[in-house]
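Data block below; observations after.
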Amino acid sequence: MPIQKLLDFRDPDVCERLVIKIGSALLVDSSGQVEIEWLRTVVNEIWTARERGIEVVVVSSGSIAIGAKKLGFAGGGRETLAEAQASASVGQIELASVWSMLLAERKLVAAQMLLTLDDFESRRRYLNISATIGRLLKSGAVPVINENDTIATGEIRFGDNDRLAARVAQACNADGVILLTDVDGLYDRHPDHPEAERLDEVDGVTDEIHAMADTGSGSGVGSGGMTAKLLAAQIAERAGIALAIVDGRPELPLARAMASQAGTLFLPQREESGRRAWIGGRMRFNGSIGVDDGCVRALNQGKSVLAAGITQVEGDFERGDIIEVKDITGRVVAKGLVEYGVDDVEAIMGHQSDEQEQILGHAPRSAVIHRSHLVMM
């Protein structure tokens, strides 16, 4: 039974495994110090959830903000990649120490995991992440996860912990994700607007929902913003995972949000298999193919991508890579595992199957991307 309301996050029969993401603006004050007393109340809520029978995974921001203050970097340590990496290397030590101390107060064991986008893009490493989190939870530990900003570069980083939280939820088969942030949900326009109204529920993230988002991080401390949270919601909803954005500023923020039903709940849309969820959540690609309107219609009916419908090829991909499928406007309509390398796709695109054997010099495969390895966006 999927989560359908905020109170379901407290019900172990509905939410057996929960991911809680905490933003930098909540965790770190303006002087670069961890908000210890506030965080202690969150740890108390983690303990309460565990007592109810709910397994909890934490995605914790804050290392760059902490380290930047200690190193005296202006701009929160985000002015250059080198400063961000140096800040993270200093901040992670303190952040891990604080989590370990506070969880130990509740007789809970903290386990640190530092991950990069590459770890999730590799199927083998993704499965290793899943196995490690599962074993930690089975052992009674609380995994505390952050992006490994000490080594992550622009090509291999999430850039925000909202999408990291959604991908972690996929990897560990969580039922729900709660993003604790410095706003109390998604508004139909900027929250400062006098006529802004909060959306209590979103049944599928659409282009209209994206248009409501503010692209920046309001605090200036974190790297997210509402756009990142909507992208996280899309990752979660395709894997059958509910995601909520709630105000994390009060003490005991989870209890307050549940009691008042204040926040925005993004309902799960479809529950994909583990492999399909991994494909749908991919964020980095070596290339893409463009397809005509007829192909898009076929894909929406559960068909495969055939060479005859391909109009354009981009990038440098090999057989077995995950690539994007775009319509004639350039919008991504699907992601999937390609059966040919880029040279072969360029050679057979636009051709019917009976022509492809002569072009390739061997019998063609049944599809360029088979429907079994295709995920619609």
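Bear in mind that the values in this text are calculations on the coordinates, not laboratory data. Not measured: the values here are computed from a predicted model. Because the Cβ atoms are built from the backbone with ideal geometry, glycine has one as well, and the counts that use them run over all protein chains shown.
A few points about this structure:
- Normalising the average separation of contacting C-alpha pairs (under 8 angstrom, six or more residues apart) by the number of residues puts the relative contact order of the chain at 15 percent.
- Look at 237, 208, 94 and count the other Cβ atoms within 10 Å of each Cβ; fewest to most, that gives 208, 94, 237.
- Simple Cβ-charge dipole of segment 6-277, Lys/Arg +1 and Asp/Glu -1, about Cα centre, in debye nearest 20: 1180
- Segment 307-359: trypsin sites (Lys or Arg not before Pro) falling in loop per DSSP and having at most 12 other Cβ within 10 Å: 331
- Based on DSSP H segments of at least four residues, each scored -39500 (n - 2.57), the chain has a per-residue ellipticity at 222 nm of -11500 deg cm²/dmol.
- Residue exposure proxy: 332, 168, ordered by other Cβ atoms within 10 angstrom of their Cβ from fewest to most, comes out as 332, 168.
- Sorted fewest first by neighbouring Cβ atoms within 10 angstrom, 38, 278 come out as 38, 278.
- Total lysine pairs under 23 Å (Cα atoms) in the chain, excluding pairs fewer than 8 apart on one chain: 11
- For peptides 74-82, 289-297, sequence by mean Cβ density within 10 Å, most packed first: 289-297, 74-82
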